[in-house]
Structure formats: C-alpha cells, structure tokens
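Read the structure below first, then the notes.
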Amino acid sequence: MSVSIRFSMTAIALAAALAASPLASAADADAAQALARQNNCFRCHSVDKAKDGPAWKEVAAKYKGKADAEQRLMTHLTTGEKAKFPDGHEEEHKIIKSPDPAKTKNLIEWILSL
C-alpha cells in the first residue's frame, strides 16, 4: 500500500473519529438557552440554583451515566408529565414548544452537559 493511500485512510479514520466524538456533537449552549427563555424555563429552573424546579446541574448529576437520560428528559419535556415540587405538590410540566425537535434535543444535551 502506498504512503499516500495509507495517509488518506488515516485521515478518513481520524475524521470519522472526530465526528463521533463528544466535542463534535457538543450542544449549542446559546441556542439551548434561547429555547429555554422562549419557553419560560428560567421561571422554575436555573443552571446552578434550585428554584421551584431543580437546578439543571442537579438534573445532569441525577442522569449522569444513565443510558436513557436523553430519552427520559425528552419524554418529560414533550408530554407534560407531572413535576414534583419541594413542598410535595405535583403539576404538569410545561411542554416545550419548538417546531424543530432537534432544538429540544439540543436543550437536553446542553442540560446533561452541565
């Protein structure tokens, strides 16, 4: 095999590895926060301090290492599941409104990255 063919194959393998890496699929924090603002999420949540809802860093810690974390949060944010509050009462969680499911997925990825 010639050097140029080996170099090309190595470059292709490296590009594939980078595309699959967490850095390549890192959440767009600005877009995630914009969607959160549009849906008034900051009324009940913040990044690092509990309000009526848990801090998103707490949510990330709760789901760390769980294979179903993204799907679990997607269900919670898109179906109006009951949310439990510190005082014990429950309310339906507001459904995220976005015409593009990729934006909701980005929000979830951002939360889980905290």
Within region 86-114, which residues have the backbone N less than 18 Å from the label spot 7 Å out from residue 47 along Cα→beta-carbon, could you tell me?
106-114
Can you check what the net charge comes to around residue 29, using other residues whose Cβ is under 15 Å from the Cβ of residue 29 (Lys, Arg +1; Asp, Glu -1)?
0
Phi to ³J(HN,Hα) by Karplus 6.51 cos²θ - 1.76 cosθ + 1.60 over region 36-52, Hz, x for Gly, Pro
4, 5, 4, 9, 6, 5, 6, 5, 10, 10, 9, 5, 10, 10, 5, 10, 5
Burial ordering of 104, 75, fewest other beta-carbon atoms within 10 Å first:
75, 104
Roughly what percent of Cα-Cα pairs across region 27-113 reach past 18 Å?
39 percent
Using modelled backbone amide H atoms (1.01 Å from N, in-plane), which distant-in-sequence or interchain residues come within less than 5 Å of residue 83's amide H?
91, 92, 93
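Each value in this text was obtained by applying a stated rule to the coordinates, not by laboratory testing. For clarity, every value in this text was computed on a predicted model and none was experimentally measured. Cβ: placed from backbone, ideal geometry, glycine included. Neighbour counts: every protein chain shown.
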